[in-house]
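Below is one structure, written out as structure tokens, with a few remarks after it.
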Amino acid sequence: MQSSPAEDEEKDRLFVGALARGLHVLAAFQPGEGALSNQVLAQRTALPKSTVSRLTYTLTKLGYLSQDHDTGYYRLGLAVLALGSTVLGSYDIRRVAAPLMRNFAIQNTISVSLGMRDGTDIVYLETCRSQARVSVQLTVGSRVPLASTAIGRACLAIMPAAERAAVEPELALRHGRDWPALSARLQSAAEQYRVCGYSESFGEFERDVMAVGVALPSPVPGMPSVCLNASGPAFAFTPDMMRKQIAPALMQLARQIVP
């Protein structure tokens, strides 16, 4: 019987559980939402409320959280912003990609994003929204699922076998009873990527969103894979348009970013 990630952590003598719990609290905050209570953070992290209270107190003292004086709720602090800026600044590929992505979004009237895997999510490093009146609302730092999005499927499709074998148990744990069917779709997505050079997700992550994704060659040995995603509303983009127009253009964009 395979052990759970939590059990594996307990067996790892180098693993610092208190640090991990603090980081889980920080990861519980989602883009675009307001301050959160200890109760909500406890629900999201599956940690006891008493533990969360000690962690939020400590994180506030260190500047990673700030507390609203009226409600007592917490929001991410400036120390997280500084840390995030340092992380983003370490990826030179963003400086190359950003102007090319802006041109792509304007020319194709579609939103485009650059992302990297973090666990069973993709985290957006750069986004350029379409200039259309209605566009997919994405921001830097947004997280989307690895298994049900075009960008995530592109990441999985080019992932080395050992890395994929390591992440699949995490995906199975995350998706539970839906995993067998989702796993079969991912196998089909990997074959599509091998044949066509792109992945797709039409209404699977969000019902009204059409998306295609491609992976970029790693510009630096050992650097995690970076992927691109083009997404637009279903009323404006049909599957045929995404496959015949947007996917080839996105593949060309990838070649421009990393020749």
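Below are the figures for this structure:
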| quantity | calculated |
| --- | --- |
| Normalised convex hull volume, the range 12-84, alpha-carbon set, Å³ per residue | 102 Å³ |
| Potential extension, Gln252-Arg102 segment - 0.36 nm per residue separation minus Cα distance | 52.6 nm |
| Those residues of the range 22-46 whose amide nitrogen sits under 20 Å from the label point placed on Asp70, 7 Å along Cα→Cβ | 32-40 |
| Ranking of Ile158, Ile122 by count of other Cβ atoms within 10 Å, fewest first | Ile158, Ile122 |
| FRET E, pair Gln245, Ser183, Förster distance 35 Å, beta-carbon r, rounded to 0.05 | 0.70 |
| Estimated distance in nm for a label pair at Gln39 and Thr109, the labels positioned 7 Å out from Cα along Cα-to-Cβ | 4.7 nm |
| Ranked list, fewest to most other Cβ atoms within 10 Å of each Cβ, for Phe235, Phe202 | Phe235, Phe202 |
| Under Karplus coefficients 6.51, -1.76 and 1.60, residue-wise ³J(HN,Hα) of the range 39-51 in Hz, glycine/proline x | 5, 5, 5, 5, 5, 6, 9, 6, 9, x, 4, 5, 5 |
| Förster-model FRET efficiency, 30 Å R0, Arg13 and Lys61, C-beta, rounded to 0.05 | 0.60 |
| Point-to-point label distance, Thr238-Gln192, nm (Cα→Cβ direction, 7 Å offset) | 1.7 nm |
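All of the numbers you see were taken from the coordinates with simple rules; none came from a lab. These figures come from a predicted structure and were not determined experimentally. Quick reminder, even Gly has a Cβ in these numbers, built from the backbone with ideal geometry, and neighbours come from all protein chains shown.
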